[in-house]
Amino acid sequence: MVMVGTRLYVGDNSGCRKVKCIKVLGNGKKKGTVGDCLIISVVKALPNKKIKKHDVRKVLLVRSNTNILRRNGLKISFLQNVVLMIDIRGNPLGNRIIGSVTQELRKKKYMKILSMAPSVI
């Protein structure tokens, strides 16, 4: 679960490395799960890129520390909380995704991210 104040890693080549959650978007939820959009502030960024330190952006949570329970009884969890930078329309800002993403993004209609990912779990 991701809440306000959680530190997250970025899993694409958009230019930032670490971010901090400011708000979880949704139906009044306080905790975000895989497939939710978040508003973040950039904590650590690479030099000479579009995204700078202290920028406020919208991201998509693709991997989470907490267990994801599927209908077939399978529980999946990852080692880190990882997000991808997206624009207003939901398209990714980076042109390469590092690591795998989950199938739960298919239900949320993020097909472009699924097609860019090297593996889908």
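The values are calculated or read from the model by the stated rules, or taken from the named source; none is laboratory data. Quantities reported herein were computed from a predicted structural model and do not represent experimental measurements. Counting neighbours? That spans all protein chains shown, and the Cβs are built from the backbone with ideal geometry, glycine included.
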Hits in the range 1-14 (condition: free of Cβ contacts under 8 Å to residues at least 60 places away in the same chain and within 16 Å of CYS37 (Cβ to Cβ))
MET3, VAL4
Would you check if there is a residue in the range 18-25 being in contact with a Phe, Trp or Tyr (Cβ under 8 Å, 6 or more places away or on another chain), loosely packed, with under 14 Cβ neighbours inside 10 Å and under 25 Å from LYS107 (Cβ atoms)?
no
Screening LEU79, LEU46 for residues that are within 15 Å of CYS16 (Cα to Cα) and surrounded by fewer than 16 Cβ atoms within 10 Å (Cβ to Cβ) leaves only LEU46
Condition first: in contact (Cβ under 8 Å) with a residue 60 or more places away in the chain and on the phi > 0 side of the Ramachandran plot. Can you find one or more residues in the range 94-104 that meet it?
yes
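Scan the range 25-32 and tell me whether some residue there is at pLDDT 95 or above, out of contact with any Pro (no Cβ under 6 Å at 6 or more places or on another chain) and either among the β-branched types (Val, Ile, Thr) or farther than 21 Å from ALA117 by Cα (or both). Quick ask: steps written out before the conclusion?
Kept after step one, since they are at pLDDT 95 or above, are these residues of the range 25-32: none.
Looking for residues that are at pLDDT 95 or above, out of contact with any Pro (no Cβ under 6 Å at 6 or more places or on another chain) and either among the β-branched types (Val, Ile, Thr) or farther than 21 Å from ALA117 by Cα (or both), one finds none in the range 25-32, hence no.
Conditions (1) of a type in the set (A, V, I, L, M, F, W, C); (2) under 11 Å from the mean Cα position of the chain (by Cα); (3) farther than 16 Å from GLN103 by Cα; (4) surrounded by fewer than 20 Cβ atoms within 10 Å (Cβ to Cβ), marked per residue:
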site: GLY5; (1), (2), (3), (4): no, no, yes, yes
site: GLY15; (1), (2), (3), (4): no, no, yes, yes
site: SER41; (1), (2), (3), (4): no, no, yes, yes
site: ILE51; (1), (2), (3), (4): yes, no, yes, yes
site: LEU74; (1), (2), (3), (4): yes, no, no, yes
Would the range 15-26 turn up any residue that is in contact (Cβ under 8 Å) with a residue 60 or more places away in the chain, assigned to a strand (DSSP E or B) and not basic (Lys, Arg)?
yes
Matching entry among LEU105, LEU60, LEU84, LEU114 (being more than 19 Å from VAL2 (Cα to Cα), under 14 Å from the mean Cα position of the chain (by Cα) and not in a loop (DSSP other than H, G, I, E, B))
LEU114
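Quick one: which residue in ARG96, ARG89 is exposed (fewer than 15 other Cβ atoms within 10 Å of the Cβ), within 22 Å of VAL56 (Cβ to Cβ) and not small (Gly, Ala, Ser)? Reasoning before the result, please.
Details: ARG96 fails: within 22 Å of VAL56 (Cβ to Cβ).
From the options ARG96, ARG89, the qualifying one is ARG89.
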In contact (Cβ under 8 Å) with a residue 60 or more places away in the chain and under 17 Å from SER119 (Cα atoms), is that true of LEU79?
no
Exactly one condition in (1) part of a loop (DSSP other than H, G, I, E, B); (2) under 17 Å from TYR9 (Cα atoms); (3) not hydroxyl-bearing (Ser, Thr, Tyr) is false for VAL43; which is it?
(1)
